[in-house]
1. Can you tell me the Rg and the Dmax, both Å, for the Cα atoms in the chain?
2. Write down the percent of antiparallel bridges among all DSSP beta bridges whose residues are both part of the range 5-211, to the nearest 5.
3. Given contacts defined as C-alpha pairs under 8 Å and at least six residues apart, what's the relative contact order of the chain, whole-number percent?
4. Just report the Cα centroid separation between the range 24-87 and the range 142-215, whole Å.
5. Calculated from DSSP H runs of 4 or more alone, at -39500 (n - 2.57) each and per residue, what is the 222 nm mean residue ellipticity of the chain, nearest 500?
6. For the range 127-215, go through all pairs of different Cα atoms, get the mean of 1/r, take its inverse, and jot down that Kirkwood value in Å.
7. For the modelled label position 7 Å from the Cα of residue 13 along Cα-to-Cβ, which residues of the range 28-67 have backbone nitrogen atoms closer than 12 Å?
8. What is the Å³ per residue value for the convex hull set by the Cα atoms of the range 1-67?
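Any read-out appearing in this document is the output of simple, stated calculations on the displayed coordinates, not a laboratory observation. Worth saying up front: this structure is predicted, and the values here are computed from it rather than measured. Here the Cβ is made from the backbone with ideal geometry for all residues, glycine too, and neighbour counts use every protein chain on show.
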């Protein structure tokens, strides 16, 4: 049986967070010695720590919250592609010309490996952002979920978040912080379900892939 590949960031005290955001912590509030029966832990973290999804409420006061999102978009066939220029250290940005040679026929979920976030235990200073016009191009080819090995689809210092807004305007869901370093390009089955957080602007996910084989 084909094994699942974990493409999630490890959640521990070393996981990087957005500057000024809530750091991750886990501690035991009850030990087995204290309770007489069990260990019980407490987690403190931002909804945008590690591998996570963005809900539109993250950047739109009237946008959908996590529990209102269609969970079906986070499970199913996905295509992983590599952008070699990004792997070679060119930050730049990601636009239509970077994707137009990729066959997107039948692709609902697109995961992009840029290789630009090399030291994942340190929050990056700069990333290749998604250019807003790419949203319309992807939507026109049926893409409904875009995943990246980056902490954001926009420049890290952006306040307007044009890519977030453009993707949502074209009904494309956002999955960020993937670990695709050792994942070959190709077709996979993806599972990256958000938690059922009723009022949240985002959610951590345990994202996993397994190869899809024809025949």
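1. In order Rg, Dmax, the Cα atoms of the chain give 17.7, 62 Å.
2. On the way: 24 of 37 bridges.
Beta bridges within the range 5-211, antiparallel portion: roughly 65 percent.
3. Relative CO of the chain lands at 30 percent.
4. What the calculation gives is 12 Å, centre to centre.
5. Values: 5 runs with 28 residues, N = 215.
Helix contribution divided over all residues of the chain: -3000 deg cm²/dmol.
6. On the way: mean 1/r = 0.0690 Å⁻¹.
Here the Kirkwood hydrodynamic radius works out to 14.5 Å.
7. Label zone hits: 28.
8. On the way: hull volume 12.7 nm³, N = 67.
Cα convex hull per residue, to the nearest whole number: 189 Å³.
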